[in-house]
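What follows is a set of notes on a single structure, which appears directly below.
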């Protein structure tokens, strides 16, 4: 279902997901979609301790090479070069430690943002479920003070205003609509969409879930941050 959701009308989106705006999906269908699309959560990773993060900095071929070179220069009594080499090892390790520790903290905060409850319509009834249980096509209800539990296309908006600072950095709430928007509309201006982790400030609305888990916009951010952990430090890039 790779669609540009903000360019489709309400009826087109509903038809695409085979859902009903008033009765929602059946529980049997929800289970099928959870198996197909996965649960609505970011990848769970056990956070590393600071000691573990520090030790991980030494598990690099570059560090092995530098340490061997440093030991060799010591054996040859070339103390100046040895100091330079071990200094490089120290700086690389410290820089890598702080970079990875900061990234781990950001990922932890993102996970906290996405652990929320959701109000949905299923089998014609309104119920509260864990955000992880949502599936594409679910009909979610949005009330003041709630965090948006998944990315969705609005099908109803009654003076709905959503603070999207956690995603776009803009502190002024976005006034939501249901009308179709142009394809090239920037993310921050897609007023007919709601995004996981953003906060409903005023009004109420109803949306159909379009993306869950890592396919949400906040999920993509988490993946980018996780990918940054694998990048080499500037010193490693310079050496290699």
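Things worth noting here:
- Members of region 9-21 that are out of contact with any strand residue (DSSP E or B) (no Cβ under 7 Å at 6 or more places or on another chain) and assigned to a loop (DSSP other than H, G, I, E, B): 9, 18, 20
- Selection of region 136-163 for residues being part of a loop (DSSP other than H, G, I, E, B) and either under 16 Å from residue 116 (Cα atoms) or at pLDDT below 95 (or both) yields 138, 143, 144, 145, 146, 148, 149, 150.
- Among the criteria (1) touching a strand residue (DSSP E or B) at 6+ places or on another chain (Cβ under 6 Å); (2) buried (at least 17 other Cβ atoms within 10 Å of the Cβ), the one residue 166 does not fulfil is (1).
- Filter pass, residue 218 being touching a strand residue (DSSP E or B) at 6+ places or on another chain (Cβ under 6 Å), closer than 26 Å to residue 25 by Cα and either surrounded by fewer than 17 Cβ atoms within 10 Å (Cβ to Cβ) or touching a residue at least 12 places away in the same chain (Cβ under 8 Å) (or both): no
One line per residue, one yes/no per condition, for (1) assigned to a loop (DSSP other than H, G, I, E, B); (2) farther than 30 Å from residue 33 by Cβ; (3) modelled with pLDDT of 95 or more; (4) under 13 Å from the mean Cα position of the chain (by Cα):
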| residue | (1), (2), (3), (4) |
| --- | --- |
| 188 | no, no, no, no |
| 191 | yes, no, yes, no |
| 197 | yes, no, no, yes |
| 206 | no, no, yes, no |
| 210 | no, no, yes, no |
| 219 | no, no, no, yes |
| 223 | no, no, no, yes |
| 230 | yes, yes, no, no |
| 235 | no, yes, no, no |
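- Single residue of region 114-135 satisfying the filter (part of a loop (DSSP other than H, G, I, E, B) and out of contact with any helix residue (DSSP H, G or I) (no Cβ under 8 Å at 6 or more places or on another chain)) that is surrounded by the most Cβ atoms within 10 Å (Cβ to Cβ): 134
The values are calculated or read from the model by the stated rules, or taken from the named source; none is laboratory data. These numbers come from a predicted model, not from an experiment. Glycine gets a Cβ as well: all are built from the backbone with ideal geometry, and neighbour counts include every protein chain shown.
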